[in-house]
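*Asks:* One structure, as structure tokens, below. Some questions next.
Please treat every number below as a calculation from the coordinates, not as lab data. A quick note: this is a predicted structure, and the numbers were derived from the prediction, not measured. Here the Cβ positions follow ideal geometry from the backbone for every residue, glycine too, while neighbour counts run over all protein chains shown.
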Amino acid sequence: MTQQRKIIYDIICKSPLHMTAEQIYAEAKRMRPSIAMGTVYRNLGLMAEAGEILRIEMPGRPDHFDKTVAPHHHCVCLKCGAVSDVPIPDLTELLEKHIGSPVTGYDLTVHVLCENCKE
Ligand SMILES: [Zn+2]
Ligand SMILES: [Zn+2]
């Protein structure tokens, strides 16, 4: 892993929220002012492809990046667009019970107002 890639990976791992490429770039630039935007975007793409991080795609919103690569669910704030994890168990069995057929996967995005936007 190159040093730049390690910086990017550390930023993603330390963040409690899931960050956009733009937010990751801003943070990387703070730590290493010489880092180029293209480097950050390219490394994010490579790491997502290699399965080291997860790219979360949401229609109409920028991609977010996640250190947790195992399948899990997200909630997105309607107001500020912050993305975080939904701490619920896997729903496959429940869905199969209701649907009556094998479930091979599902997409779930929960829309919320986050802590900051609640008031
Ligand atoms: Zn919010
Ligand atoms: Zn996540």
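*Asks:* What list of ³J(HN,Hα) values in whole Hz, one per residue of region 37-47 in order, does the Karplus curve 6.51 cos²θ - 1.76 cosθ + 1.60 (θ = phi - 60°) give from phi, with Gly and Pro shown as x?
*Replies:* Along region 37-47, the couplings run 4, x, 5, 5, 5, 5, 5, 4, x, 5, 5 Hz.
*Asks:* Give the long-range amide H neighbours of Ala82: residues separated by 5 or more places, or on another chain, with amide H under 5 Å away, using H modelled in the peptide plane at 1.01 Å from N.
*Replies:* Counting only residues 5 or more places away or on other chains, the set is Cys77.
*Asks:* If I fit a long axis through the Cα atoms of helix 3-14 and take the longest principal axis of the Cα atoms of the chain, what angle between them do I get, 0 to 90°, rounded to 10?
*Replies:* 40 degrees
*Asks:* Here is a further query. For region 92-109, take each phi angle, set θ = phi - 60°, evaluate the Karplus expression 6.51 cos²θ - 1.76 cosθ + 1.60, and give the result in whole Hz per residue in order, putting x for glycine and proline.
*Replies:* Values per residue, Gly and Pro as x: 3, 5, 4, 5, 4, 4, 7, 8, x, 10, x, 9, 9, x, 7, 10, 9, 10 Hz.
*Asks:* For region 64-119 and region 19-57, what is the separation of their Cα centres, given in Å?
*Replies:* One Cα centre to the other: 23 Å.
*Asks:* I'd like to compare 97-105, 17-25, 69-77, 83-91: which one has the highest average count of other Cβ atoms within 10 Å, and what's the full order after that?
*Replies:* Top of the packing list down: 17-25, 69-77, 83-91, 97-105.
*Asks:* Just how large is the dipole of the chain about the Cα centre, in debye to the nearest 20, putting +1 at every Lys and Arg Cβ and -1 at every Asp and Glu Cβ?
*Replies:* Result for the chain is approximately 600 debye, rounded to the nearest 20.
*Asks:* Same structure again: For region 65-74, take each phi angle, set θ = phi - 60°, evaluate the Karplus expression 6.51 cos²θ - 1.76 cosθ + 1.60, and give the result in whole Hz per residue in order, putting x for glycine and proline.
*Replies:* 10, 9, 6, 8, 8, 5, x, 7, 10, 10
*Asks:* For helix 21-31, report the angle its Cα long axis makes with the longest principal axis of the Cα atoms of the chain; keep it between 0 and 90° and round to the nearest 10°.
*Replies:* For helix 21-31, the angle is close to 40 degrees.
*Asks:* In terms of the Cα gyration tensor, with a ≥ b ≥ c the square roots of its eigenvalues, is region 16-119 rounded because a/c is under 1.5, prolate because a/b exceeds b/c, or oblate?
*Replies:* Since a/c reaches 1.5 but b/c is at least a/b, the shape of region 16-119 is classed as oblate.
*Asks:* Most exposed first by the Cβ proxy, i.e. fewest other Cβ within 10 Å, how do Arg55, Arg30 rank?
*Replies:* Going from least to most buried by this count: Arg30, Arg55.
*Asks:* Just tell me which lysines come within less than 29 Å, Cα to Cα, of Lys6; anything on the same chain fewer than 8 places away is out.
*Replies:* Qualifying lysines at Cα under 29 Å: Lys14, Lys29, Lys67.
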